[in-house]
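Presented below is the structure to which this report refers.
The values are calculated or read from the model by the stated rules, or taken from the named source; none is laboratory data. On a predicted model such as this, the values are computed, not experimentally measured, just so you know. Note that each Cβ is placed from the backbone with ideal geometry, even for glycine, and that neighbours are counted across all protein chains shown. Note: accessible area is taken over every heavy atom of the protein model, side chains too, but ligands, DNA and RNA are not part of it. Shrake-Rupley method; radii C 1.70, N 1.55, O 1.52, S 1.80 Å.
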Amino acid sequence: MLPEHFVLITNSKGKIENIIEEKDAGENIQQLQGIITPGFINTHCHTELSHLKNTIQEKTGLVDFVLNIVNNRNANEENILQAIQNAEEEMLQNGIVAVGDICNTAFSLQQKKQNKIAYYNFIEVSGWLPQIAEKKNSEAVALAQKFSKLQQPCVIVPHAPYSVSENLWSLINQQFHHHTITIHNQETKAENDLFLNGTGSFISMYKQMNIAHNSFKPSTQNSLPSYFHQLCNAQNILLVHNTFTSITDIQFLQQQHFFSQTQIYFCLCPNANLYIENVLPNIELLRANHVQLTLGTDSLASNHSLNIVDEIKTILKHYPQIAITEVLQWATLNGAKALAMDNNLGSFEKGKTPGVVVLSNNYNAVKRLI
Ligand SMILES: [Zn+2]
């Protein structure tokens, strides 16, 4: 963080021209109260679920949450589109300039083609039954084509370790090359239970959804080391939630031989974790092991706002020893790198147009300047 006597110079469109000392900056300097930061990067959202705001009960656990989403996500198309429009407006007002957005439908395209926010569209597939893998993959390919047609960057990604069969993995992982691949990772203890010994609440979820699970063989390891090899083609890996990621999981990642070529990012969505499971990831453990962190809001189905500053405030409330400068890097440059947008976003560097946002000193107000 630069001290007060430095001046940020941009052109009228927000392109960074320089950062110089006040004594050299001439006249017409605008003085602002608070912290001037590049625009925020929301690395995990589902804008197409925005119509589910305030409809799902809090703190009932991930399995109940997933069942609720599956049963309630359909709604009147007009309501879905209006909610997406409102969600984007909310993110713009909160200084968000780019979003890693999970897509199961094309509903968000109408909004995205206006190019108000930069999106990395993660076309999400799931299918636990091996026999539906081909069908699920073809549906995802067709959806991805709709995004590509409108020049929206997109890639097909797995939903979660507990919802993607080996067959489906092998259909999708050939196209991971040169992309950022994201996955919901270790969001609940039950995910590790499933891979360790084939028990836990996902077994009852499969039963409730009439999904046979007899083709699944537990690996006797946590979920992350069980599926991670599937991601090794990716350029960047964005692991989302990580609420039950252990030290042995992190050490496993550190030992991977491709670690130096593939960048791994851990996305934290603390307000969604509190909403769904009422737990937080062990952020001290992640920091102590020098993992690269980013921030996400998740969707309005599991959050009261789409505001990166609200995520920052929750982190600082529970981890007051962490400096704001460090968390702001997660919220800006790290997120931009994870979404491969750091050539233009994430920091005040000459030639970039990262957005200019002012965060008040008490973090209660955020304003986009450019
Ligand atoms: Zn999510």
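Points worth noting:
- Residue list for the range 85-127, restricted to those being surrounded by fewer than 19 Cβ atoms within 10 Å (Cβ to Cβ) and acidic (Asp, Glu): Glu89, Glu90
- Test: residue in the range 56-78 that is within 20 Å of Phe122 (Cβ to Cβ), at pLDDT 95 or above and not charged (D, E, K, R): no
- Failed item in (1) open to solvent by 10 Å² or more (accessible area, probe 1.4 Å); (2) under 30 Å from Glu89 (Cβ atoms), with Glu134 passing the rest: (2)
- Test set (1) touching a helix residue (DSSP H, G or I) at 6+ places or on another chain (Cβ under 8 Å); (2) outside any helix (DSSP H, G or I) - Asp249 fails condition number: (2)
- Any hit, the range 194-214, residues being among the small types (Gly, Ala, Ser), assigned to a helix (DSSP H, G or I) and within 16 Å of the ligand (Cβ to nearest atom): no
- Tally of residues being polar (S, T, N, Q) and surrounded by 17 or more Cβ atoms within 10 Å (Cβ to Cβ) across the range 345-370: 1
- Single unsatisfied condition, Leu150 versus (1) open to solvent by 60 Å² or more (accessible area, probe 1.4 Å); (2) touching a helix residue (DSSP H, G or I) at 6+ places or on another chain (Cβ under 7 Å); (3) more than 30 Å from Gly355 (Cβ to Cβ); (4) of a type in the set (A, V, I, L, M, F, W, C): (3)
- Any chance Glu78 is more than 16 Å from the ligand (Cβ to nearest atom), within 21 Å of Leu306 (Cβ to Cβ), open to solvent by 40 Å² or more (accessible area, probe 1.4 Å) and within 20 Å of the chain's Cα centre (by Cα): no
- Subset of the range 276-324 [open to solvent by 30 Å² or more (accessible area, probe 1.4 Å), outside any loop (DSSP other than H, G, I, E, B) and closer than 19 Å to Glu187 by Cα]: Glu284, Leu285, Arg287, Gln292, His318
- Residues that are within 16 Å of the ligand (Cβ to nearest atom) and part of a helix (DSSP H, G or I) were ranked within the range 325-349; the one that is farthest from Ser50 (Cα to Cα) is Ala338.
- Search result, residues across the range 3-60 that are touching a helix residue (DSSP H, G or I) at 6+ places or on another chain (Cβ under 6 Å) and farther than 23 Å from Val357 by Cβ: His51, Ile56, Glu58
- Of the residues examined, Leu238 is not one that is in a strand (DSSP E or B), within 13 Å of the chain's Cα centre (by Cα) and away from the ligand (no atom under 16 Å from the Cβ).
- Taken as a whole, the condition of being open to solvent by 40 Å² or more (accessible area, probe 1.4 Å) and in contact with a Gly (Cβ under 6 Å, 6 or more places away or on another chain) applies to Pro218.
- Residue that is farthest from Met91 (Cα to Cα), among those in the range 1-41 that are open to solvent by less than 70 Å² (accessible area, probe 1.4 Å) and of a type in the set (Gly, Ala, Ser): Gly26
Yes or no, residue by residue, for (1) charged (D, E, K, R); (2) surrounded by fewer than 14 Cβ atoms within 10 Å (Cβ to Cβ); (3) touching a residue at least 12 places away in the same chain (Cβ under 8 Å):
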| position | (1), (2), (3) |
| --- | --- |
| Gln145 | no, yes, no |
| Cys154 | no, no, yes |
| Ala160 | no, no, yes |
| Ser163 | no, no, yes |
| Leu171 | no, no, yes |
| His184 | no, no, yes |
| Gly200 | no, no, no |
| Ser204 | no, yes, yes |
| Asn214 | no, yes, no |
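- Among residues of the range 43-63, those that are away from the ligand (no atom under 15 Å from the Cβ) and crowded, with 17+ Cβ neighbours inside 10 Å, counted: 1
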